[in-house]
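Colleague: Okay, here's the structure, questions in a sec.
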Amino acid sequence: MFQDIADAKWFQNFIVLVILAAGVLVGIQTYETTSPTVRALIPTLDVVDEIILWIFVVEIAIKMAAQKGQPWRYFQDSWNIFDFVIVAVCFLPLDVEYAAVLRLLRLLRVLRLVHALPKLQILVGALLKAIPSMAYVSILLFLLFYVYACAAVFIFGNNDPVHFRNLPIAMLSLFRVVTGEDWTDVMYIAMEGCASYGYTQEMMVQTVGGEVWRCADYSNGMPVFAALFFVSFMLLGAMIILNLFIGVIMGGMEEADLELAREEAAEQEARGGPTREQRTAELLDELDRIRKELTMLTRRPSS
């Protein structure tokens, strides 16, 4: 009975609605300090929050009872462990002064949608599978940033200390460039010089590295080289390497989708459904029947 309830579509949809309600409830509570109406509803919202929490507890109990007398099998699924931890942290004995922390922990219940919605589960599984490959792409991207940032400090540091006065600031500026956030402004300062573009009167004189920096003394525009520098960085960083992340994630999604299909097939076989070999044999028989019908149609004389 418990297994039928846990597998029922209505039960899964009900849990999804409860998770959404928990997310909406947390969103309403963010208006507690600004809305008198919400402050007046806080006692009611706390009651609803407790009801939602105990619904999640009942859900876990039903899924444990559905394990045919072996409730520890519930924890063999990593997603079940994820759900259990999120519900368990809401029972931590926190004092009133830690109410904000408790609300943040309850906010994590919205993440249960990842488990409740199979498509989201596939996406998260794809991201997890893609982490090793993404690490190598990240190393390649870091090397690109490092080389270009060092070159930018040496070449553009005196002309534009706001963006390239040292290596960390230069890497942060290049991150801005690769995301496309007004990257042309950074390029135009390097092309035309700080005295001609980008710097206001208040920025013309600054203290850089303990020394007084005057834009008039260091303004040095490099129209051709600066354009080549930033355009090449955009081509390599934004249009090539960042797209490698997309390719890696898509490959991970295909692997996660195949793995989910295998798990569903194994569950169907465990429940007494047709095995993979039986399904393959049925498909081959169906293909053979279609082939024979096509052969008879092609041999039939036209009228």
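The values are calculated or read from the model by the stated rules, or taken from the named source; none is laboratory data. Worth saying up front: this structure is predicted, and the values here are computed from it rather than measured. Positions of Cβ are backbone-derived with ideal geometry, glycine not excepted, and every protein chain shown enters the neighbour counts.
Colleague: Take the residues in the stretch 128-157 that are in contact (Cβ under 8 Å) with a residue 60 or more places away in the chain and surrounded by fewer than 18 Cβ atoms within 10 Å (Cβ to Cβ); name whichever of them is farthest from residue 210 (Cα to Cα). Give the steps one after another, and end with the answer.
Modeller: To start, the set of residues in the stretch 128-157 that are in contact (Cβ under 8 Å) with a residue 60 or more places away in the chain comprises 128-130, 133-134, 137, 140-141, 144-145, 148, 151-152, 155-156.
From what's left, surrounded by fewer than 18 Cβ atoms within 10 Å (Cβ to Cβ): 128, 133-134, 137, 140, 144, 151, 155.
Details: 128: 46, 133: 43, 134: 40, 137: 38, 140: 35, 144: 30, 151: 22, 155: 20 Å.
So, considering only residues that are in contact (Cβ under 8 Å) with a residue 60 or more places away in the chain and surrounded by fewer than 18 Cβ atoms within 10 Å (Cβ to Cβ), the one farthest from residue 210 (Cα to Cα) is 128.
Colleague: Out of all the residues in the stretch 86-105, which are at pLDDT 70 or above and in a helix (DSSP H, G or I)?
Modeller: 86, 87, 88, 89, 90, 91
Colleague: Can residue 224 be described as part of a helix (DSSP H, G or I) and either hydroxyl-bearing (Ser, Thr, Tyr) or surrounded by 15 or more Cβ atoms within 10 Å (Cβ to Cβ) (or both)? Write out each step before concluding.
Modeller: Working: part of a helix (DSSP H, G or I): yes; either hydroxyl-bearing (Ser, Thr, Tyr) or surrounded by 15 or more Cβ atoms within 10 Å (Cβ to Cβ) (or both): no.
It is false that residue 224 is part of a helix (DSSP H, G or I) and either hydroxyl-bearing (Ser, Thr, Tyr) or surrounded by 15 or more Cβ atoms within 10 Å (Cβ to Cβ) (or both).
Colleague: What single numbered condition from (1) touching a Cys at 6+ places or on another chain (Cβ under 7 Å); (2) in a helix (DSSP H, G or I); (3) of a type outside the set (A, V, I, L, M) fails to hold for residue 173?
Modeller: Every condition holds for residue 173 apart from (1).
Colleague: Also: Considering only the stretch 123-142, how many residues are of a type in the set (A, V, I, L, M, F, W, C) and closer than 18 Å to residue 238 by Cα? I'd like the intermediate steps shown before the answer.
Modeller: From the stretch 123-142, those of a type in the set (A, V, I, L, M, F, W, C) are 123-124, 126-128, 130-131, 134-135, 137, 139-142; that's our starting set.
Going one step further and asking which of them are closer than 18 Å to residue 238 by Cα, we end up with 134-135, 137, 139-142.
The qualifying residues number 7.
Colleague: Regarding the stretch 207-218, can at least one residue be identified that is surrounded by fewer than 17 Cβ atoms within 10 Å (Cβ to Cβ), part of a helix (DSSP H, G or I), hydrophobic (A, V, I, L, M, F, W, C) and modelled with pLDDT of 85 or more?
Modeller: No, the stretch 207-218 has no match at all.
Colleague: Identify, from the list 208, 224, the residue that is more than 25 Å from residue 133 (Cβ to Cβ) and free of Cβ contacts under 8 Å to residues at least 12 places away in the same chain.
Modeller: Details: 208 fails: free of Cβ contacts under 8 Å to residues at least 12 places away in the same chain.
Selected residue: 224, the only one of 208, 224 that is more than 25 Å from residue 133 (Cβ to Cβ) and free of Cβ contacts under 8 Å to residues at least 12 places away in the same chain.
Colleague: Of all the helices (runs of 4 or more DSSP H) wholly in the stretch 1-85, which have at least 1 residues that are among the aromatic types (Phe, Trp, Tyr) and over 27 Å from residue 122 (Cβ atoms)?
Modeller: 36-65
Colleague: Report whether or not residue 237 is closer than 16 Å to residue 148 by Cα, out of contact with any Ser or Thr (no Cβ under 7 Å at 6 or more places or on another chain) and either not charged (D, E, K, R) or not in a helix (DSSP H, G or I) (or both). Before you say what the answer is, go through the steps one by one.
Modeller: Values: closer than 16 Å to residue 148 by Cα: yes; out of contact with any Ser or Thr (no Cβ under 7 Å at 6 or more places or on another chain): yes; either not charged (D, E, K, R) or not in a helix (DSSP H, G or I) (or both): yes.
Considered against the rule, which asks whether it is closer than 16 Å to residue 148 by Cα, out of contact with any Ser or Thr (no Cβ under 7 Å at 6 or more places or on another chain) and either not charged (D, E, K, R) or not in a helix (DSSP H, G or I) (or both), residue 237 comes out as yes.
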